[in-house]
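Just below is one structure, and these are the notes that go with it.
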Amino acid sequence: MVHTYLNPESMSDYRIEKDSLGDVRVPQNALYGAQTQRAKDNFPISNLRFSRRFIQALGYIKDAAAQANNDLGLLEPEKAQAIRAVAQRVADGQFDAHFVLDIFQTGSGTSTNMNTNEVIANAATEELGGDRGSKMVHPNDHVNMSQSSNDVIPTAMHVSASIALHKELLPALRRLRDGFKAKAVAFDDVLKSGRTHLMDATPIRLGQEFAGYASQIEHGIRRVEQASTELQELALGGTAVGTGINRHIEFPERAINYLNEATGLSFKEAPNHFEAQAAKDGFVMASGALNTLAVSLLKIVNDIRHLSSGPTSGLSEIQLPAIQPGSSIMPGKVNPVMSEAMMMVCARVMGNHTTITIGGQHGNFELNVMMPVMAHAMLESIEILANGCDAFLKNCLEGIQANRARCQELLELNPSIATALNAAIGYDMASTVAKTAAKERRSVREVVKRMGLLSDEALDQYLNVRDMTEPGIPGS
């Protein structure tokens, strides 16, 4: 039987449902029930809702649980099949309009677990020919069998974050890394001034700079991969407080095996359910890897922003693609907008890490009570990092060009080139040369020749700029 489910918010007719506290008016067209409606009324705090990835994870979990309970003879096959069919549709996003609860709710996420249970129970009931709200398929007894909100929500946190990391962020990071590697090769012959403390330093190659950026991204990939391994441990099976009360001894292993089939990932039962439910340390660690990645990206895009500054009064060593006008008043102005967008992404990720860090501190006794906001912050960080990396690659990095003439112009005036003369004329005399070159805005070569310190042949030997970009002593 195929049903069309409309947006529950668009309906004005109501039905009466009951829970342990009494009667509740629920929109007639809503698949959720009394507990969801109470939570919806109790938490009108923001417009923030659980993301697609989190709802997908809940669908996978309820599907896996129904299969496991059916295998164990606890859930009759007809109801198990109906629950599974609807849970798969939840995972696919067909019922997202019925997930109506605010992120800022009960800290265990119980309301959202019940939202899931009620949506699946009502849709499964109708699949079996029953009436919505009749609980032919019961949200607690059947859909939530062998589970508790206290192990479902932390499991959904790990599953959703793992899927997002492996299917969104890590692929985007690999593409960005490869983009920087390509530019490192293309710019390997471009000699330019290095800079330390924002001041001119000894020469480098532009390709070396971009290779450094590629290495930062590579390190970020490894950190994210390492942190994601801690998310493989799932709380499912701990039920209320970690003891596993009211579930079959084989339930978690069977359910997690089905989760692995659905996701293509390698989850496993947490070796200690008390740790998995009372603490979210693995989640905090994974967020820490994202925070470090944000620091790396902010350094990179800020460098690119400064390297492209100008065009007449800045460094202007690289040229960014012009993708949009930069000013509402200054004609022809083009700004480093992709760098600025990524900087804001990084700032948001750092803020989300603070939220997750504070949330992780509130594992009180046997349960963490800030899980919804932690889940929201993590999934937002992953999403905006992945999208930001792809946008930066496409709209900025791939179109960057080296301004070779400008790099050469600034390099020739760089007094730090005198460092290469230390072995020939000593530090003190090289310092005099550098200061004179800077004061008179002359090249180091000009100053040395004027002072008669070295022959032309020796100058060529010591002031080979390409050699200065590699290990070794110039002139040796």
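Structure above, values below:
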item: Cβ pairs under 8 Å, 6+ apart, first in the range 271-282 and under 13 Å from Pro252 (Cα atoms), second hydrophobic (A, V, I, L, M, F, W, C); result: His273/Ala235
item: Matching entry among Val185, Val119, Val190, Val159 (being hydrophobic (A, V, I, L, M, F, W, C) and either assigned by TED's automatic domain parsing to the domain that holds Leu58 or at pLDDT below 95 (or both)); result: Val119
item: The range 196-229, subset touching a residue at least 24 places away in the same chain (Cβ under 8 Å) and of a type in the set (S, T, N, Q), residue farthest from Ser416 (Cα to Cα); result: Ser228
item: Failed criterion for Ile103 (all others in (1) more than 25 Å from Glu253 (Cβ to Cβ); (2) outside the structural domain of Cys346 (by TED's automatic domain parsing); (3) crowded, with 24+ Cβ neighbours inside 10 Å; (4) in contact with a Leu (Cβ under 6 Å, 6 or more places away or on another chain) hold); result: (3)
item: Filter pass, Gly207 being closer than 30 Å to Arg177 by Cα and touching an Asp or Glu at 6+ places or on another chain (Cβ under 7 Å); result: yes
item: Whichever residue in the range 189-231 is among the hydroxyl-bearing types (Ser, Thr, Tyr) and under 27 Å from the mean Cα position of the chain (by Cα) and, among such residues, is farthest from Val301 (Cα to Cα); result: Thr229
item: Residues within the range 39-53 that are under 18 Å from Met114 (Cβ atoms), touching a residue at least 60 places away in the same chain (Cβ under 8 Å) and surrounded by 14 or more Cβ atoms within 10 Å (Cβ to Cβ), tallied; result: 4
item: Hey, Asn368 modelled with pLDDT of 95 or more, surrounded by fewer than 18 Cβ atoms within 10 Å (Cβ to Cβ) and not acidic (Asp, Glu) or not; result: no
item: Residue check, Gly288 surrounded by fewer than 21 Cβ atoms within 10 Å (Cβ to Cβ), in a loop (DSSP other than H, G, I, E, B) and of a type in the set (Gly, Ala, Ser); result: no
item: Matching residues, the range 230-270, being of a type in the set (Gly, Ala, Ser), part of a loop (DSSP other than H, G, I, E, B), in contact (Cβ under 8 Å) with a residue 40 or more places away in the chain and surrounded by fewer than 23 Cβ atoms within 10 Å (Cβ to Cβ); result: Ala240, Gly242
item: Flag if Leu411 is touching a strand residue (DSSP E or B) at 6+ places or on another chain (Cβ under 9 Å) and not β-branched (Val, Ile, Thr); result: yes
item: Selection count where residues are of a type outside the set (Gly, Ala, Ser) and without any contact (Cβ under 8 Å) to a residue 12 or more places away in the chain, scope the range 21-36; result: 1
item: Val373 vs. criteria under 30 Å from Lys192 (Cα atoms) and either over 17 Å from the mean Cα position of the chain (by Cα) or among the β-branched types (Val, Ile, Thr) (or both); result: no
item: Filter result (in contact with a helix residue (DSSP H, G or I) (Cβ under 6 Å, 6 or more places away or on another chain) and surrounded by fewer than 18 Cβ atoms within 10 Å (Cβ to Cβ)) within the range 192-201; result: Ala201
item: Long-range neighbours under 6 Å by Cβ, at least six apart or interchain, first residue surrounded by 16 or more Cβ atoms within 10 Å (Cβ to Cβ) within the range 407-436, second among the basic types (Lys, Arg); result: Cys407/Lys192; Leu411/Lys192
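The values are calculated or read from the model by the stated rules, or taken from the named source; none is laboratory data. From a predicted model like this one, the values you see are computed outputs, not experimental measurements. Positions of Cβ are backbone-derived with ideal geometry, glycine not excepted, and every protein chain shown enters the neighbour counts.
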